[in-house]
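Take a look at the structure below.
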Amino acid sequence: MPNIVALVFDTTSSNSGIKKGAAKILEKKIGSKLLHFACRHHVLKIVVRAVWRLLFGDTQGPNNSLFVDFKLSWNRLNKQLTAVKTQNVQHPWLLQVKDRVLKYLLSLSSDVQFKSICRDDHSKCVENALIILGVTPPNGARFYKPGAIHQARWRASNLYNNTIRCSCSQGKLDTTVLQKPN
């Protein structure tokens, strides 16, 4: 097994645990250290979770209470684009970044190959980001009814956070959930 130099895996503790993770067990069996490449999607989940905890504190149980409230409020929300809160960018450097991001997002949203290989929630994230930045996606602006609200789905977290942000001016969500606990 001298040709094995690296491992690619998701970041669950069963794979990445420092004592009993599959990567550690494989290293012991092979007798050498291996380069660990955590899946980029799962690495982003860790980043999103860390930002969420910093802003809102830790969640209790598998379901996020803000997403539960959001799902329960869905039928009362105005999902028309005119009722949406968009991001106002004024700083010159941020305007340049916004322009580059918009160009990239618009290219993704019209790329046939991207649409054919990406998951539905990837496309929804692209559409939400365009809406937040004040641009109507090429196929029109729409918001999607929340599905699974489990914390493990980081793209769902991204979608719900962005849709909640766009809808928060409507005052139909319990805003006390948005405050970080002491």
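Side notes on the structure shown:
- Positions within the stretch 106-150 being more than 20 Å from TYR160 (Cα to Cα) and of a type in the set (Phe, Trp, Tyr), in sequence order: PHE114
- Selected residue (criterion: modelled with the lowest pLDDT) from residues of the stretch 115-166 that are open to solvent by less than 30 Å² (accessible area, probe 1.4 Å) and of a type in the set (Val, Ile, Thr): ILE149
- Selection status of VAL97, open to solvent by less than 60 Å² (accessible area, probe 1.4 Å), under 16 Å from ILE132 (Cβ atoms), assigned to a loop (DSSP other than H, G, I, E, B) and at pLDDT 75 or above: no
- Qualifying residue in the stretch 106-114 (condition: in contact with an Asp or Glu (Cβ under 8 Å, 6 or more places away or on another chain), surrounded by 14 or more Cβ atoms within 10 Å (Cβ to Cβ) and at pLDDT 75 or above): yes
- Selection over the stretch 60-76 of residues that are at pLDDT below 75 and open to solvent by 30 Å² or more (accessible area, probe 1.4 Å) gives a count of 4.
The values are calculated or read from the model by the stated rules, or taken from the named source; none is laboratory data. Because the structure is predicted, anything quoted here is derived from the model rather than measured. With ideal geometry, Cβ positions are generated from the backbone for all residues, glycine too; neighbour counts draw on all protein chains shown. SASA here: full protein model, heavy atoms, side chains in, ligands and nucleic acids out. Shrake-Rupley method; radii C 1.70, N 1.55, O 1.52, S 1.80 Å.
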